[in-house]
Amino acid sequence: MDKVLEELGKIGIVPVIKIDDAEKAVPLAQALKAGGIPCAEITFRTAQGEESIRRIAASVPGILLGAGTVLSPEQVDRALDAGAQFIVSPGFNPRVVSRCREKGIPITPGCSNPSGIEQALEAGLEVVKFFPAEQSGGLDYIKAVSAPYPSLRFMPTGGINASNIGVYSACEKIHACGGSWMVKDEFINAGDFDRITALSREAVSAMLGFRVVHFGLNAGDAVSAGKAAEFFGGMFGFASKDGVSSVFAGNAIEIMKIEDARGKHGHIGIGTNSVGKAAAFLERRGIALDRDNAKKDAKGRVTLLYLREEIAGFAIHIAAFP
C-alpha cells in the first residue's frame, strides 16, 4: 500500500475541514496535532482551501495533509502544487482519479455501491471513501457490500462522531474515519483552538477505546496457579477456566502457570478497538513496543502486543479484546 495511505490508516481519523479564513489554517493544524491527530483534509469548498493547504504545508511539519472535495483534474494540480499529500473526492470521477494516478498522489474517491467499488479496483485503488456513511447504511452496509472485495478498505465519512467511531474502527474493513465534529465551523471561525485540541484528544480516545481487560499474576507453576484460582473461586465465586499456560479466575484474573511469564509480578491486559492504530498511537508518543514477539492471527494481523517497559513490575500488553 502507498506509504501515505499506510500512515493515514495508522492515524485512523481524518478531520474534514472547511476554512473560510486562511489565517486560521496554521493554528488549526497545530491544534489538531497537539490533540493527537497529525492529519487534516482541507476541502476545496471555499476559496481559502488551496491557500490554507499551502500555509500548513510550509509551517506545520509532521502533519499528513490532504485536499478534499476535489472535483476536477485542475484542482488536483493546484492541490499538489500547494503541498497536499493525498486527494479525497466525494464520488468516483474517472478524470480526477486518472490525474492523481498520473501524478503519483494517492486518492480516495467516494464509492458507496458495487459499481463504484469495481471502478476503483479497476483503477488500482486500495482505499475508497464511503460517503455519506451513516445515511448510506453505515457499518452494516460496508460489511455487506465489501464481502466480495476482501482487499479493499474504506474511509467512511458522514455521520461519524465520538459516539460511533469506536465501533467503526474495530472493523477490519475500516482504514480510517473522516469527520468534522472536532473542527466545526464555529470553533474555527471563533479561533477556539483549545477546544479543537480537547475534542481531538477525545476523538482519539473514543477511536482507540483503551480499557483494562484483565490482570495477570505470576504463580510460577501449575500447582500454585491452581491454588490461587481456588482461592478466588472460594472467596468470590469466580469460576475457574484452565488453559495451557494459565488459569483464569472469572474473566479478569489470569494466573500464569509458566515459570518465564512476562513481568516481574505479572501483566496487565489493555483492550483496544484496533491494535494497529493503538500501536501507532503509542509509538508516536515514544512508547517502545515488542514487535518481535507480537501475536498474529491467521491473516497475519497483530492481535496482541507488549510494551517493552514494565510498569511497577507488571508487563503491559494491548490486545483486540471484544
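Answer with yes or no whether PRO94 is within 18 Å of LEU8 (Cα to Cα) and not hydrophobic (A, V, I, L, M, F, W, C).
So PRO94 fails the test.
With a requirement of 3 or more residues that are within 23 Å of GLU41 (Cβ to Cβ) and touching a residue at least 12 places away in the same chain (Cβ under 8 Å), the helices (runs of 4 or more DSSP H) lying completely within the stretch 170-261 that satisfy it span 185-189, 193-208.
Output yes when any residue across the stretch 162-181 is under 30 Å from ASP2 (Cβ atoms) and either assigned by TED's automatic domain parsing to the domain that holds PHE281 or among the acidic types (Asp, Glu) (or both), and no when none is.
Start the filter on the stretch 162-181 by keeping residues that are under 30 Å from ASP2 (Cβ atoms), which leaves 162, 164-181.
Next, from what is left, pick out any that are either assigned by TED's automatic domain parsing to the domain that holds PHE281 or among the acidic types (Asp, Glu) (or both): 172.
Yes.
Against the numbered list (1) within 30 Å of SER205 (Cβ to Cβ); (2) of a type outside the set (Asp, Glu); (3) modelled with pLDDT of 95 or more, VAL247 comes up short only at (1).
Residue-wise test of (1) hydroxyl-bearing (Ser, Thr, Tyr); (2) in contact with an Asp or Glu (Cβ under 8 Å, 6 or more places away or on another chain); (3) at pLDDT below 95; (4) buried (at least 17 other Cβ atoms within 10 Å of the Cβ).
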residue	(1), (2), (3), (4)
LEU152	no, yes, no, yes
SER180	yes, no, no, yes
ILE188	no, yes, no, yes
PHE193	no, no, no, yes
LEU199	no, no, no, yes
GLU202	no, no, no, no
SER205	yes, no, no, no
VAL212	no, no, no, no
LEU217	no, yes, no, yes
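Restricting attention to the stretch 277-304, which residues are in contact with a Leu (Cβ under 7 Å, 6 or more places away or on another chain) and under 19 Å from SER205 (Cα atoms)? Residues satisfying the conditions are LYS277, ALA278, ALA279, PHE281, LEU282, GLU283, ILE287.
Do we have any residue at all in the stretch 304-316 that's among the hydrophobic types (A, V, I, L, M, F, W, C), in a helix (DSSP H, G or I) and surrounded by 12 or more Cβ atoms within 10 Å (Cβ to Cβ)?
Pass one, the stretch 304-316, residues among the hydrophobic types (A, V, I, L, M, F, W, C): 304-305, 307, 311-312, 314-316.
Those still in the list that are in a helix (DSSP H, G or I) too: none.
The answer is no; no qualifying residue exists.
Within the stretch 58-74, one or more residues are out of contact with any Ser or Thr (no Cβ under 8 Å at 6 or more places or on another chain) and over 17 Å from GLN30 (Cα atoms). Comparison of LYS277, LYS264 shows that the only residue that is part of a helix (DSSP H, G or I), touching a residue at least 24 places away in the same chain (Cβ under 8 Å), outside the structural domain of LYS10 (by TED's automatic domain parsing) and out of contact with any strand residue (DSSP E or B) (no Cβ under 6 Å at 6 or more places or on another chain) is LYS277.
For the stretch 17-27: of the residues being of a type outside the set (Gly, Ala, Ser) and either assigned to a helix (DSSP H, G or I) or outside the structural domain of ALA84 (by TED's automatic domain parsing) (or both), which is nearest to LEU5 (Cα to Cα)? Write out each step before concluding.
To start, the set of residues in the stretch 17-27 that are of a type outside the set (Gly, Ala, Ser) comprises 17-21, 23-24, 26-27.
Subset that is either assigned to a helix (DSSP H, G or I) or outside the structural domain of ALA84 (by TED's automatic domain parsing) (or both): 23-24, 26-27.
Numbers: GLU23: 28, LYS24: 26, VAL26: 23, PRO27: 24 Å.
Checked the stretch 17-27; the qualifying residue nearest to LEU5 (Cα to Cα) is VAL26.
The values are calculated or read from the model by the stated rules, or taken from the named source; none is laboratory data. All figures in this text were calculated on a predicted structure; none of them were measured in a lab. Cβ: placed from backbone, ideal geometry, glycine included. Neighbour counts: every protein chain shown.
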